[in-house]
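The structure under discussion appears below in the form of structure tokens.
The values are calculated or read from the model by the stated rules, or taken from the named source; none is laboratory data. Quantities reported herein were computed from a predicted structural model and do not represent experimental measurements. Positions of Cβ are backbone-derived with ideal geometry, glycine not excepted, and every protein chain shown enters the neighbour counts. Note: accessible area is taken over every heavy atom of the protein model, side chains too, but ligands, DNA and RNA are not part of it. Shrake-Rupley method; radii C 1.70, N 1.55, O 1.52, S 1.80 Å.
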Amino acid sequence: MKELLVRVLSGLLYISIILFSMYAAQEWFLLLFFILGSITLREYIKLVELKSKFWHYASYLFLAFWIYYFNYLYDRSLLTYVLLGVVVGLNLNLIRELFGPQPVTNLEHQGKAGLLYVIGGFLFLTLIPARESGFIPDLIGAVFVLVWANDSFDYLVGKTICRHKLIPAFSPKKTGEGFIGGVTGSV
């Protein structure tokens, strides 16, 4: 019960910060996502053990530049789709290697490729509410409602039923029942 209380309270705090930044101004939203992206990059860099300081600083600058560029300087036409294609292609390649028959041998190369995976995710999240007619926070709000519903129902159903582990090597506590509950809750 204590774990559920901690999750609910931290979730409410997180939701409050997100909602405030979304509805206060586009700049607050972009700043929050730059901060969250930077924290995620720092954790990712520690996780994959990238030792070069160049990749540390370059990834933060890359994130900041592209968020600013795509939200303020660029009309989001062809370059957006090119970058989206690169990020989606990279994601598919990472998934292929994750489930492939050969173990990943070049972890440093995969770690560097994963930086674009993290940066791309945060960049494209900031583009969801940015429209030619202006910043529309309800668009990103709808995405968050779906994610929060999925996560909440996944947790509650998985904790309650919890019979069949989904992929224990990657997520030991994730269950098939929780996955189905999350999808159902989102729908």
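Quick notes on this one:
- Identity of the residue in the stretch 161-187, open to solvent by less than 90 Å² (accessible area, probe 1.4 Å) and small (Gly, Ala, Ser), that ends up nearest to LEU94 (Cα to Cα): SER171
- Residue check for ARG131: open to solvent by 60 Å² or more (accessible area, probe 1.4 Å), free of Cβ contacts under 8 Å to residues at least 24 places away in the same chain, charged (D, E, K, R) and over 20 Å from TYR81 (Cα atoms): no
- Condition broken by ASN71, with the remaining ones in (1) on the phi < 0 side of the Ramachandran plot; (2) open to solvent by 50 Å² or more (accessible area, probe 1.4 Å) satisfied: (2)
- Pairs where the first residue, in the stretch 24-37, is open to solvent by 30 Å² or more (accessible area, probe 1.4 Å) and the second is of a type in the set (Gly, Ala, Ser) and outside any helix (DSSP H, G or I), C-beta under 9 Å, 6+ apart: GLN26/ALA130; GLN26/GLY134
- ASP154 vs. criteria open to solvent by less than 30 Å² (accessible area, probe 1.4 Å), of a type in the set (Asp, Glu) and either modelled with pLDDT of 85 or more or part of a helix (DSSP H, G or I) (or both): yes
- Residue within the stretch 8-27 that is at positive phi and not hydrophobic (A, V, I, L, M, F, W, C) present: no
- LEU63 vs. criteria modelled with pLDDT under 90 and either part of a helix (DSSP H, G or I) or touching a His at 6+ places or on another chain (Cβ under 6 Å) (or both): no
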